[in-house]
Amino acid sequence: MFRRFDVCIWLFLVLNALYWVAVSALNTCAQGYFYLVVPALFIVPAALYMNYVSMSIVVVFSAMASFSNADVNPFLIAAVWLMAAWLVNVCRFRLRTGDYMTTVSVSLLVNMFLILCYAVILPCGVYTAGEYVKRILVDAATSGLFILAVGNFCAKLPVCIMDYFGIDITMNEEI
């Protein structure tokens, strides 16, 4: 009925929507203390297990949906996400082991790169320069700890779901 290409795109989009709901709920609960910035959860699994065209569809759609109500150009955010996803996608053949350390390290590097990009792109609002730097550091630290806790799970979940349905996706396979 569906080709593997279509099923994988839909799977990654649904998982990204679920991640977005969960992270939004956590950010609502922690309002004022910290803000989880975890774009790596949306980017790294798609970049590891999909070819470039499929990954681009998932990453751009996820970026546009995540930043549709922000006061920044969502096309700029989508371009930054796509650049990070492209870098992971190009290097994915070197990461074939797929163990905990590899997936979490890649997720942390992508996340820190994007947090630095956000610090430059996004407006600082009512914060002074010192408060803004402190806020960025607190958000980066909590986001890093969150990725240490769930980064490997989020990277392995699509593979487990596809294995359950009898479709094998691996890092070295073109979908």
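The values are calculated or read from the model by the stated rules, or taken from the named source; none is laboratory data. Here the structure is a predicted model, which means the values were calculated and not measured. Counting neighbours? That spans all protein chains shown, and the Cβs are built from the backbone with ideal geometry, glycine included.
Just to be sure before I move on: is ALA84 surrounded by fewer than 24 Cβ atoms within 10 Å (Cβ to Cβ), among the hydrophobic types (A, V, I, L, M, F, W, C) and either over 18 Å from ALA155 (Cα atoms) or in contact with an Asp or Glu (Cβ under 9 Å, 6 or more places away or on another chain) (or both) in the structure I sent? It is false that ALA84 is surrounded by fewer than 24 Cβ atoms within 10 Å (Cβ to Cβ), among the hydrophobic types (A, V, I, L, M, F, W, C) and either over 18 Å from ALA155 (Cα atoms) or in contact with an Asp or Glu (Cβ under 9 Å, 6 or more places away or on another chain) (or both). When the residues of region 148-169 are filtered to those that are over 18 Å from LEU41 (Cβ atoms) and loosely packed, with under 14 Cβ neighbours inside 10 Å, the one that is modelled with the lowest pLDDT is ASP168. Considered as a group, the residues in region 31-90 that are of a type in the set (S, T, N, Q) and outside any helix (DSSP H, G or I) include one that is nearest to GLU131 (Cα to Cα), and that residue is GLN31. Among the residues of region 58-79, those that are in contact (Cβ under 8 Å) with a residue 12 or more places away in the chain and within 21 Å of ILE9 (Cβ to Cβ) comprise VAL58, VAL59, VAL60, PHE61, SER62, ALA63, MET64, ALA65, SER66, ILE77, ALA78. Taken together, the residues in region 1-45 that are modelled with pLDDT of 90 or more, under 23 Å from LEU122 (Cβ atoms) and either in contact with a helix residue (DSSP H, G or I) (Cβ under 9 Å, 6 or more places away or on another chain) or not β-branched (Val, Ile, Thr) (or both) amount to 16.
In region 94-136, the qualifying residues are those that are in a helix (DSSP H, G or I), loosely packed, with under 12 Cβ neighbours inside 10 Å and over 19 Å from the mean Cα position of the chain (by Cα), and the one that is modelled with the lowest pLDDT is ARG94.
Of all the listed residues (ALA46, ALA30, ALA25), the sole one being crowded, with 21+ Cβ neighbours inside 10 Å and small (Gly, Ala, Ser) is ALA46.
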